[in-house]
Structure formats: structure tokens, C-alpha cells
1. Quick one: is E6 touching a residue at least 24 places away in the same chain (Cβ under 8 Å), within 30 Å of S115 (Cβ to Cβ), buried (at least 21 other Cβ atoms within 10 Å of the Cβ) and not aliphatic (A, V, I, L, M)?
2. Quick one: in the stretch 55-71, which of the residues that are open to solvent by less than 80 Å² (accessible area, probe 1.4 Å) and not polar (S, T, N, Q) is modelled with the lowest pLDDT?
3. Pull out all pairs, ordered by first then second residue, where Cβ-Cβ is under 6 Å, the residues are six or more apart or on different chains, the first lies in the stretch 35-48 and is open to solvent by 60 Å² or more (accessible area, probe 1.4 Å), and the second is among the basic types (K, R).
4. Out of T112, T77, T103, which single residue is modelled with pLDDT under 95 and either surrounded by 12 or more Cβ atoms within 10 Å (Cβ to Cβ) or of a type in the set (V, I, T) (or both)?
5. Search the stretch 85-100 for residues being modelled with pLDDT of 95 or more, more than 15 Å from E6 (Cα to Cα) and surrounded by 14 or more Cβ atoms within 10 Å (Cβ to Cβ), and hand back the single one that is farthest from the chain's Cα centre (by Cα).
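The values are calculated or read from the model by the stated rules, or taken from the named source; none is laboratory data. Note that the coordinates shown come from a computational prediction; the quantities given were computed from them, not determined experimentally. Cβ sites come from the backbone with ideal geometry, for glycine too, and all protein chains shown count toward neighbours. The accessibility values were calculated without ligands, DNA or RNA, using every heavy atom of the protein model including side chains. Shrake-Rupley method; radii C 1.70, N 1.55, O 1.52, S 1.80 Å.
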Amino acid sequence: QVQLVESGGGWVQAGESLRLPCTYSGSFFRLATMGWYRQAPGKERELVASVARGGSTNYADSVKGRFTISRDNAKNTVYLQMNSLKPEDTAVYYCNLRFATLTYWGQGTQVTVSS
């Protein structure tokens with residue numbers, strides 16, 4: 001069964017960093033658009049960052065300059081490097097894969113940033 005598996009979440013203090021990897025078990029990773037979304041309590045899920053198959057990236061305004069998304073097609077893995085974390089970054093972070101009509105979601109990983 002195809003899976004997206006996230007890891008790397010945890011509890012950090014404001015100003016610290018975390019890196020979230022997400023690994024895909026399917027066969028067309030290099031053709032897919034990969035994204036990271038997050039959902040805070042009481043809020044809708046929002047796009048944090050995405051990287052297209054050609055490498056172009058897109059970021060939410062709230063994370064520009066602090067977060068970096070990257071992909072390693074040889075490892076079927078997408079990364080979200082999060083620097084200068086803020087309490088408002090606290091959320092469950094979800095990995096997303098889109099290819100043609102297919103969309104897959106990971107199970108989510110909790111990131112908690114304390115002030």
C-alpha cells in the first residue's frame with residue numbers, strides 16, 4: 001500500500017529549528033508535486049510550502065525566509081527545514097503528494113513551539 005510517512009516533529013522553544021522529512025513508498029515521486037500543510041487547533045489546514053517536480057517552490061507568506069522545502073528524488077523524500085520557529089508555528093504538519101488525479105496525505109506530525 002502506498003504511504004507517505006512524516007517524522008521529525010517535536011517540542012522546541014521559540015527561535016530553534018526542526019527538520020521534517022517525509023518519505024513516499026510509491027513509484028512516481030519524481031513526477032509529483034510535494035507539499036507541506038499544517039493545521040492548528042480550531043483552524044483550517046493551510047499550505048506551508050510546495051515544491052514542483054521541476055524544483056520550483058512556493059511558500060506561505062508567514063514562513064518566507066524561515067522555512068525551506070527541498071526534495072531528494074533518489075530517496076523519495078521531501079524535507080521541510082524550519083528555522084526561527086515561532087509559537088504561531090505550532091500545528092500538526094502534514095505531507096502531501098499530488099500527481100495527475102492522485103492525492104495522498106501523510107498521518108501528520110505534531111510541532112509545538114513554546115515562547
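1. Spelling it out, E6 is indeed touching a residue at least 24 places away in the same chain (Cβ under 8 Å), within 30 Å of S115 (Cβ to Cβ), buried (at least 21 other Cβ atoms within 10 Å of the Cβ) and not aliphatic (A, V, I, L, M).
2. Top of the filtered list is G55.
3. What qualifies is Q39/R45.
4. T103
5. K86
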